[in-house]
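Values quoted throughout were computed directly from the atomic coordinates according to the rules given, and no laboratory measurement underlies them. Since we're looking at a predicted model, the values are computed, not measured. Counting neighbours? That spans all protein chains shown, and the Cβs are built from the backbone with ideal geometry, glycine included.
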Amino acid sequence: MREVAVIGVGIHKWGELWDMSIRDMFVTAARNAMDDAGVDHIDSMYIGCMSGGLFAAQEHLASVMADYLGVTPAAAARVETACASAGLAVRLGWMEVMSGLSDIVLVGGVEKMTDITGEEATFALSTAADTEYEGYNGITFPGLYAMMARAHMEKYGTTLEQLSQVAVKNHANGALNPEAQYPFPVTLETVMNSTMVAEPLRLLHCSPITDGAAAVILCPLKLAREKFKDHPLVVITGSGHATDTIALHSREDITTIKAARISAEKAYKMAGVGPADIDFAEVHDCFTIAEIMVTEALGFFEPGKGGPAVEAGETSREGSKPINTSGGLKSKGHPVGATGAAQIIEVTRQLRGEAGKRQLDNPRRGLAQNMGGSGGSSLVHILEVR
Amino acid sequence: MKIRSPRYHRETPQRYRLEAAKTESGKVYFPPRVYYPGGEKAQPYKMSDRGRVITYTVIHTPAAEYSDLAPFAVGIIELEGGGRITAQIVDVDPSEVKTGMRVKVEFRRMRTEGDEGLLCYGYKVVPE
């Protein structure tokens, strides 16, 4: 089995991009990644996209993107695990390079979310839950995480202030990220007085609706050492993937995200490290409660201590375990099919020392956690700089 | 999104009558499945119409199909004897819903859908 390096990263400014189509966005990010790596061809690619059909009335994205990226007849596949689709694309590309099947593989994701109305987007997102037994009864994604938040608050004493401080921290980070959809700070008061969405979650406890794409180029470490020397070498040392029940109500414990824990355990084992060895992480803060629950599931904090950790500043850029230096899904935006690749990009940039004003002090090992639905799937990758 | 009648009517035994399945070890699956984990055998099981609220939320920004109802409460309900459902909690001011509250399942109209105006029914819960 070959070690796999990240040799190129590409993204673009995210937001409500009414002038860009789904193909424009993906090709922009993909070309940026190819230029960053210095490659002129790819052997294959994996494109994460939750719902090209419901959001953009376009399926068969493999051929759309291979065509418009000008790489036909390269192999291409669109892959889907809801909001973890790009994390899955990364894992499949990593497997293909590791196995020796291909050398240069592009992995990424895209979602075009603003061509439809907010209510239509709420419905499209709700199909990542159990359509017949959750969505049919009126529950939305904010609603599912709101029910998890209430259970976590009642079990552990997690507070609304702690949920709100996740948003304050992530916006403070995102304010330093020129590609973020909402690159500005917010105050605790603004978060706590924002529009109610699903009690107890308000608008600023929720990640936004976003158009965007992201892409990463992978190749064998040996080839990277020989040919792609423009950047410090970043290696994927662990990959983990796990599933859980589709319906939240089918889970024994809704105060923890089991798929996140198990996917992390698999990645830690492969990398030969534990939670204490991770210098920083990008995690799936689709709602601020998710960041708290995921940091617990990853083993960074004991169950119930994720909220107090945010309050104590441990997850800020200056803290012991910086979380979501990119601004997270909250500030950077959440084009659902692209998010997992953007997380890999932020971890890579931090490890290369290319994170600009939000650069951490010489980090050596980072983790990316990407989640589908209410925790029905989770992917974890561990990256190290060599 | 339009629901065509075959897709709607497939779920009728569950939505109208809470028909589930109970395995030999006593675990309740709702809806019944084609295959049960571990290869367990299961028998049809009609879930209780009484239960309590495990957790809940009040939806202020619903999906399009439910935009007329907002704000409305939705919760996870644990039914007596086993089985959990996600259901709207109605006939009560959403601000008065509490975790642990005892509720009763009722058969209610959910929404109308499609060009044909298909009437969709299902279960909601009310305070007991």
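Per residue of peptide A:140-149, the mean number of Cβ atoms on other chains within 10 Å of the residue Cβ is 5. For B:Lys41, the lysines whose Cα comes closer than 16 Å to its Cα, not counting residues fewer than 8 places off in the same chain, are B:Lys22, B:Lys27. Rg and Dmax of the range A:214-321, based on Cα coordinates, read 16.5, 51 Å.
Label sites at B:Lys46 and A:Asp67, each approximated as a point 7 angstrom past Cα along Cα to Cβ, lie 5.5 nm apart.
Each peptide in A:257-267, A:207-217, A:326-336, B:36-46 was scored by the mean count of other Cβ atoms within 10 Å over its residues; highest first, the order is A:326-336, A:207-217, A:257-267, B:36-46.
Per-residue Karplus couplings for the range A:43-48, computed as 6.51 cos²θ - 1.76 cosθ + 1.60 with θ equal to phi - 60°, are listed in order as 7, 6, 8, 10, 10, x Hz, Gly and Pro entered as x. The peptide list A:31-37, A:229-235, A:290-296, B:18-24, put in order of mean Cβ contacts within 10 Å with the highest first, becomes A:290-296, A:31-37, B:18-24, A:229-235. The DSSP beta bridges internal to chain A are antiparallel in roughly 70% of cases. Within 10 Å of the Cβ of each residue in B:76-83, the mean number of Cβ atoms contributed by other protein chains is 2.
For the range A:283-342 and the range A:142-217, what is the centre-to-centre distance using only Cα atoms, to the nearest Å? Here the answer is 10 Å between Cα centres. In this simple spin-label approximation, B:Tyr35 and A:Lys227 carry label points 7 Å from Cα along the Cα→Cβ vector, and these lie 4.2 nm apart. Over the protein assembly as shown, the hull volume per residue, using the convex hull of the C-alpha atoms, is 145 Å³. Partners of A:Lys229 within straight-line reach, counting aspartates and glutamates whose Cα lies under 13 Å from its Cα and excluding those fewer than 8 residues away in the same chain: A:Asp36. Net charge of the neighbourhood of A:Arg31, taken over other residues with C-beta under 13 Å away and scored Lys/Arg +1, Asp/Glu -1, is -3.
Using a 10 Å cut-off on Cβ to Cβ distances, tally the other chain neighbours for every residue of A:128-136 and report the average as a whole number.
5
3J(HN,Hα) along the range A:105-111, derived from phi through the Karplus expression 6.51 cos²θ - 1.76 cosθ + 1.60 where θ = phi - 60°, amounts to 10, 9, 10, x, x, 7, 8 Hz, with x in place of Gly and Pro. Report summary: the helix-based calculation at 222 nm, which adds -39500 (n - 2.57) for every DSSP H run with n ≥ 4 and divides by the residues of chain A, gives -11500 deg cm²/dmol.
The lysines within cross-link reach of B:Lys124, meaning a Cα-to-Cα straight distance under 21 Å and a gap of 8 or more places when in the same chain, are B:Lys46, B:Lys98, B:Lys104. When you filter the trypsin sites (Lys or Arg not before Pro) in the range B:68-128 for DSSP loop state and at most 14 other Cβ atoms inside 10 Å of their Cβ, you are left with B:Lys98. Remark: relative contact order (chain A) = 26 percent; criterion is Cα-Cα distance under 8 angstrom and separation of 6 or more residues.
Phi angles across the range A:185-191 convert, under the Karplus curve 6.51 cos²θ - 1.76 cosθ + 1.60 with θ = phi - 60°, into 3J(HN,Hα) values of x, 10, 8, 4, 5, 4, 4 Hz, Gly and Pro given as x. Counted by Cβ distance under 12 Å from A:Gly373, the other residues give a net charge of -3, where Lys and Arg count +1 and Asp and Glu count -1.
What the Cβ-Cβ distance of A:Ser99 and A:Leu54 gives, at R0 = 25 Å and to the nearest 0.05, is a FRET efficiency of 0.15.
Across every pair of non-identical alpha carbons in the range B:19-128, the mean reciprocal distance, once inverted, gives a Kirkwood radius of 15.3 Å.
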